Structure formats: structure tokens, C-alpha cells
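What follows is a set of notes on a single structure, which appears directly below.
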């Protein structure tokens, strides 16, 4: 699985957009970009994933660069409950199965009033 | 989605003893994983436990220390054997199903 690089920590004011970057320069053509978050003392929670195109769901948007070497997770209106560690992971996804999910150190997002 | 429960949610154990952690999923899944999260650290994969085959352990983890059972498609156990304080961690069960991976709430283990 390709390695990812994320900033160690970020701050964001409540109500503002939180933009979390991730570098994955060694990603291969059939690897997906996944984002998870872990709120203190809970199991990781799936947020979003994508291959090439930008993706949006009720939680966030995922912007993947054209060369796929980096991506940005956007939380459009951050709230205090979004304070968590955010993990960017690349993995191989096949029909009905997937490669193992390998966690890096993630970005600790602190949302403040 | 998949709902995962783990038992116990937390425990305090003496060194040298063993603890078995149970993972129950509300639907049948083929791929199941066990992770460890040491204090202040990220998650580390211990092993992959697919039903019908032996568990596959990651580098640094061995079956004698972390035996795993996977008797059916909805249940698995992880045993932490001959515990030492270094085993104090959160242990998480995870499943891959319907294109997504889900995690249980974790078992917080403290070894004294």
C-alpha cells in the first residue's frame, strides 16, 4: 500500500471550512484514497473515499488532484464534534474484497470556538 | 452498514494472565481484522481473520501471543496471552463488507 503524509495537527474555527491535506505521491493506478476519523476513545469512522474524481457526501468532500499524488478532505462547516484525528489511507479495492487498511499517524484537527 | 460489538469494553488484568476479547457483527462478513492501538499511537494491524482459513499475522505479531478464532461469519475472538504491561492498549475488531470497513468500539486493556 502506498504511504501517505499528513500534517501532524491543524486548528479550525467552528463554522469555517476545514481543509485537511494528504500527500500520496507513490499511489498506484488502482489504489483508492480513503479518509477515516477517530474521535477520542472511539473506533475509527469511515468518512469518504475516491479513486480519481472528486467525491462528496453528507459528511465531507474529497478533492483529488489530477495526478492523484495528493488529496484534500474538506469539512465545509466544522463543528466542535469534528475534533478528531483524521487518517488518509490509500488501499487497493477489488470487487468484494480489499487490501488491509494501514493507518499512519494522521492529522489531529482541533475545532475551536 | 455493519454494527460491531466487543466484549469486554475494558478490563484490568494482572501480568502473566490471558484475556479473550469477543467481536460480534450483526451481519455475515468474510473479512475481519484485529487492530491494536497503544496509548497515544495510531492503529496497528495485528492479523486478518477470514472465516474458513487460518489467521494471517502481521510482522511482529505471532499466533502464540495473539491466538485468534473465527468459528463463523459473525464472530471472532482475540486472546492476549501471558500479558505484560506493554500489552496495555485498545484492541479493535474491524470488518470489511459492502465496500466499506467498519470498526468496533474497542476493548481497553490495562495490564498491571
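The numbers here are math on the coordinates, done by the rules we state, and not lab data. These figures come from a predicted structure and were not determined experimentally. Here the Cβ positions follow ideal geometry from the backbone for every residue, glycine too, while neighbour counts run over all protein chains shown.
Okay, here's what the table says:
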item: Label-to-label distance, nm, for residues given as residue A:92 and residue A:42 (7 Å Cα→Cβ offset); result: 3.2 nm
item: Length-normalised contact order of chain B in % [C-alpha pairs under 8 Å, at least 6 apart]; result: 38 percent
item: Protection-proxy order for peptides A:44-54, B:26-36, each taking the mean of Cβ atoms within 10 Å per residue, highest first; result: B:26-36, A:44-54
item: Pair residue B:38, residue B:13: separation of 7 Å Cα→Cβ label points (nm); result: 1.7 nm
item: Where the Cα pairs of region A:1-65 fall when distances are cut into 10 Å bins, in %; result: 17, 50, 30, 3
item: Separation of the residue A:25 and residue A:13 label points, Cα + 7 Å toward Cβ, nm; result: 3.4 nm
item: Cα gyration tensor shape of the protein assembly as shown, rounded if a/c is under 1.5, else prolate or oblate by comparing a/b with b/c; result: prolate
item: Linear extension gain, residue A:51 paired with residue A:112, 0.36 nm per residue minus alpha-carbon span; result: 18.8 nm
item: Net length gained if the chain between residue B:108 and residue B:24 were fully extended (0.36 nm per residue, minus Cα distance); result: 28.6 nm
item: Whether chain A is rounded, prolate or oblate, judged on the alpha carbon gyration tensor where a/c under 1.5 counts as rounded; result: prolate
item: Cβ-Cβ FRET estimate between residue A:77 and residue B:73, R0 fixed at 35 Å, reported to 0.05; result: 0.30
item: Measure of compaction for region B:1-97 (Cα Rg per 2.2 N^0.38 Å); result: 1.02
item: Share of Cα-Cα pairs in region B:43-111 lying beyond 13 Å, as whole percent; result: 69 percent
